[in-house]
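Bear in mind these aren't lab numbers, they're just calculated from the coordinates by the rules spelled out. Keep in mind the model is a prediction, meaning the values are calculated, not measured. Cβ placement follows ideal geometry from the backbone for every residue including glycine, while neighbour counts extend to all protein chains displayed.
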Amino acid sequence: MTMPDNRPYTPEETQLIRKRQAARSKILAVLLIGMCVLFFGITVAKIGFW
Amino acid sequence: MTTIARDIILPADWRDFWALTKPRVMSLVVFTALCGLLAAPGDIHPVIGFTAILCIAVGAGASGALNQWYEFDIDAKMARTAERPLPARRMDRQAALHFGIGLSGFSVVTMGMAVNWLSAGLLAFSIFFYAVVYTIWLKRFTPQNIVIGGAAGAFPPVIGWAAVTGDVTMLPVLLFAIIFLWTPPHFWALALFMKADYAAAGVPMLPVVSGRKVTRNQIFAYSFPMAAAAVAPYALGMTSWVYGAVAAVLSVVFLVLAFAVWRNQSTDAGDMKPEKRLFSYSILYLFLLFATFAGDRMLMV
């Protein structure tokens with residue numbers, strides 16, 4: 001990985017980026033699952049099943 | 001820290017995206033919207049009601065993100081806001097813009113498809129009003145910025161109401177009026193003891209442009225129509241006497257605190273206890289007023 005000015009990231013920077021990417025991916029996964037559940041609930045509510 | 005010694009911004013932490021949404025402001029928005037929703041006559045499916053409140057919260061978060069995207073320069077000049085993600089250089093500005101636009105689109109489209117298009121339209125207008133009319137147009141150019149801009153914060157109970165009924169009647173308009181008239185005394189009390197910050201950032205808040213005396217006069221003057229709007233739902237027969245009594249007591253306390261501000265002559269922020277007291281009480285006032293209103297209406301309806 002390189003910086004926008006093509007300098008390589010330092011090992012600390014790379015580690016920090018990986019840590020943040022992992023945390024963001026987990027949050028995104030939770031949000032996507034939540035959205036699926038929400039849209040399923042909306043669909044069922046709109047159909048009038050409950 | 002997301003900036004390293006070389007001052008290049010690394011990918012932002014998720015907490016910074018959360019901070020962009022102004023969670024504390026969002027909590028007040030969610031609360032007033034929930035009160036509007038609970039007070040409205042008629043039924044709403046719990047899932048649809050939850051979706052409506054979620055969309056309003058996400059829309060408020062979107063407004064906060066767009067506000068911070070545009071105001072990163074003045075935020076950097078004020079101690080209160082200098083540690084936000086953009087002025088602290090923990091996040092790329094473009095990411096904040098995309099985040100704000102994405103949340104706006106999601107909240108409005110979901111509201112329209114799941115709830116109804118009137119509430120979606122009102123939500124879209126309130127986001128536009130806060131992000132464009134208030135943030136871009138009014139805030140930097142007129143001391144009346146928060147008077148007109150206060151309308152953006154007054155929309156949530158109307159949207160909550162419209163989510164249930166699909167229309168807007170007299171009562172949600174009164175709820176709008178309460179928040180609209182509450183906003184100037186609330187923010188001007190803050191601006192009085194944060195005047196130096198606003199002056200340093202070049203924001204033409206009323207104390208900066210017209211001085212403290214005029215601001216104190218205006219705070220006191222606005223408190224009267226605000227109190228009248230607060231008791232109006234009872235006066236017009238739309239709530240029981242319980243809400244009327246609570247609104248009257250809370251408003252009298254507000255007027256007493258506003259009177260103390262009006263009498264205060266201090267120019268030193270350290271001696272502005274009446275202003276700080278009014279600012280703190282104004283938040284409690286709105287919470288108690290709306291909670292009582294929602295409870296009263298639920299019992300009535």
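Rounded to the nearest 500, the 222 nm mean residue ellipticity of chain B from helices alone is -24500 deg cm²/dmol, with -39,500 (n - 2.57) taken per DSSP H run of at least 4 residues. Segment B:N217..B:A196, full-extension length gain: 5.6 nm, with 0.36 nm per residue of separation and the alpha-carbon distance subtracted. Counted over all Cα-Cα pairs of the protein assembly as shown, pairs farther apart than 28 Å make up 49 percent. When the C-alpha to C-alpha distance is required to be over 22 Å, the pairs from B:K139/B:K273; B:K77/B:K139; B:K213/B:K273 that qualify are B:K139/B:K273.
The Cβ shell under 14 Å around B:C35 holds other residues with a net charge of 0, Lys and Arg each +1, Asp and Glu each -1.
Once you reduce the range B:263-301 and the range B:189-225 to the center of their Cα atoms, the two points are 17 Å from each other. Across the alpha-carbon atoms of the range A:10-50, the computed radius of gyration and Dmax are 17.5, 57 angstrom. The convex hull defined by the C-alpha atoms of chain B has an orientation-averaged projected area of 15.4 nm².
Across chain B, C-alpha contacts under 8 Å between residues 6 or more apart give a mean separation that, scaled by the residue count, equals a relative contact order of 20 percent. Take every Cα pair under 8 Å whose residues are at least 6 apart in sequence, average their separation, divide by the length of the range B:56-151, and the relative contact order is 32 percent. Distance between the pseudo-spin-label points of A:A23 and B:R24 (7 Å out from Cα toward the beta carbon): 2.1 nm.
Checking the cross-link filter: which lysines have an alpha carbon closer than 26 Å to that of A:K26, excluding same-chain neighbours under 8 positions apart? Leaving aside lysines fewer than 8 places away in the same chain, those within reach of A:K26 are B:K22. Between A:R7 and B:V132, the modelled labels are 4.1 nm apart [label points 7 Å from Cα along Cα→Cβ]. Scaling the Cα radius of gyration of the range B:85-239 by the globular reference 2.2 N^0.38 Å produces a ratio of 1.20.
Here the range B:154-301 was treated as a single set of alpha-carbon atoms; its pair distances binned every 5 Å from 0 give 2, 10, 19, 20, 16, 12, 10, 7, 4, 1, 0 percent.
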